[in-house]
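The block underneath contains the structure these notes are about, expressed in structure tokens.
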Amino acid sequence: MLTNRARLRKGFTLAEVIVSITLVAILSAVVVPVVRGRFQDGYENSLIQEFSTLAAGINAYRQDIGKYPPKLDYLSAIPAVGTAKDFCGNLLAASDWAKWRGPYVSRMITNSPAYYVVAQSDSVQDLLTRPAGFLNTIQIQIVGPDTVTTVHVDLKIDGSVLRTGGTLLWSSGAGVSTEMRYVIPTRTNGC
């Protein structure tokens, strides 16, 4: 037979509530960093994959046309005859234009705006560059990742963190964002 006290009990004791909250806090302390780390790793891998895909597309374009494209939008659709140029700014001959076998990437890249967004809010610049001192390279530029992400991407690509050397060059931009440049070796100035 139940006593009056047992019949009136409808809730949990303070000790039971504290134990439950402690268990949830311990589980959260273990699970949240693991999940956050997986998201960060996926984000870094998506940036690396974007660089790799674009580099492969640029090299395939070069194999077909014989010249490097001036902009990434040439990988998804070539401009009309008489307006298409190569990396050095020379008009493509009709015979070169006819060799285009693209699209060389699955993503549709347009020339307006002059960038597209990848991963979280990082922008891939449409224009391919070759800074002074890097005559036998073409560079793909992504602006936006934070410094920690950039360091991790650099470690995954180059095996070490060198801001000004290796396949990935980078510099800190305004605030916490960085500018990453993926270096693609070329032959004879890329022209």
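FYI, it's all coordinate maths here, none of it is from the lab. On a predicted model such as this, the values are computed, not experimentally measured, just so you know. Neighbour counts are summed over all protein chains in view; Cβ atoms, including those assigned to glycine, are modelled from backbone coordinates with ideal geometry.
The peptide list 82-89, 106-113, put in order of mean Cβ contacts within 10 Å with the highest first, becomes 82-89, 106-113. Taken over the chain, lysine pairs spaced eight or more positions apart, or on distinct chains, with alpha carbons under 21 Å apart number 5. With 10 Å bins beginning at zero, the pair-distance distribution over Cα atoms of the chain amounts to 8, 28, 25, 13, 7, 6, 5, 4, 2, 1 %.
Secondary-structure-derived ellipticity at 222 nm for the chain, considering helices only, amounts to -13000 deg cm²/dmol, per-run term -39500 (n - 2.57) for DSSP H runs with n ≥ 4. Roughly what percent of Cα-Cα pairs across segment 84-191 reach past 25 Å? Considering segment 84-191, 29 percent of its Cα-Cα pairs are separated by more than 25 Å.
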